[in-house]
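The values are calculated or read from the model by the stated rules, or taken from the named source; none is laboratory data. Computed from a predicted model, the values in this text were never measured in an experiment. Using ideal geometry, Cβ is built from the backbone for each residue, glycine included, and neighbour counts are taken over all protein chains shown.
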Amino acid sequence: MKYGVRLKINVSMIDKAKLFAGKNGKYLDATVFLDVDTKDQYDNNGMITQDAPKGEKGAILGNAQVFWNDGGGQQQYSQQAPQQQGQAAPMAEPSFDDDLAF
């Protein structure tokens, strides 16, 4: 299934020391955690974290919101413009396996 996902990133939270040069510019490794079946109180389905070395926690950079899918059966996702500018709403810390690299 295909999804449309909107990301809201607080760029001031990025650890600039972990940016790296690539062939076409500067890059940042980040990970998105999504739960397409659940939304938080701000209509978000997940969060974005900056990748970090194993054993360290990456900074939470923002939120992710599923606004579209090609399944047709679940049209619960809206394509509304974000209602609020500025800092992204905080998400609850997810419970994932401890052996992940962030």
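Here is how the numbers come out for the structure above:
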| item | result |
| --- | --- |
| Residue match in region 27-44 (condition: of a type outside the set (A, V, I, L, M, F, W, C), farther than 26 Å from residue 1 by Cα and at pLDDT 95 or above) | yes |
| Conditions (1) at pLDDT 95 or above; (2) crowded, with 17+ Cβ neighbours inside 10 Å; (3) small (Gly, Ala, Ser); number of the one not met by residue 58 | (1) |
| Region 44-59, residues that are more than 27 Å from residue 70 (Cα to Cα) and either assigned to a strand (DSSP E or B) or touching a residue at least 60 places away in the same chain (Cβ under 8 Å) (or both) | 50 |
| Residue 89 vs. criteria at pLDDT 95 or above, of a type in the set (Gly, Ala, Ser) and surrounded by 10 or more Cβ atoms within 10 Å (Cβ to Cβ) | no |
| Residue list for region 1-43, filter: charged (D, E, K, R), part of a loop (DSSP other than H, G, I, E, B) and either in contact with a Cys (Cβ under 8 Å, 6 or more places away or on another chain) or under 27 Å from residue 68 (Cβ atoms) (or both) | 2, 29, 35, 37, 39, 40, 43 |
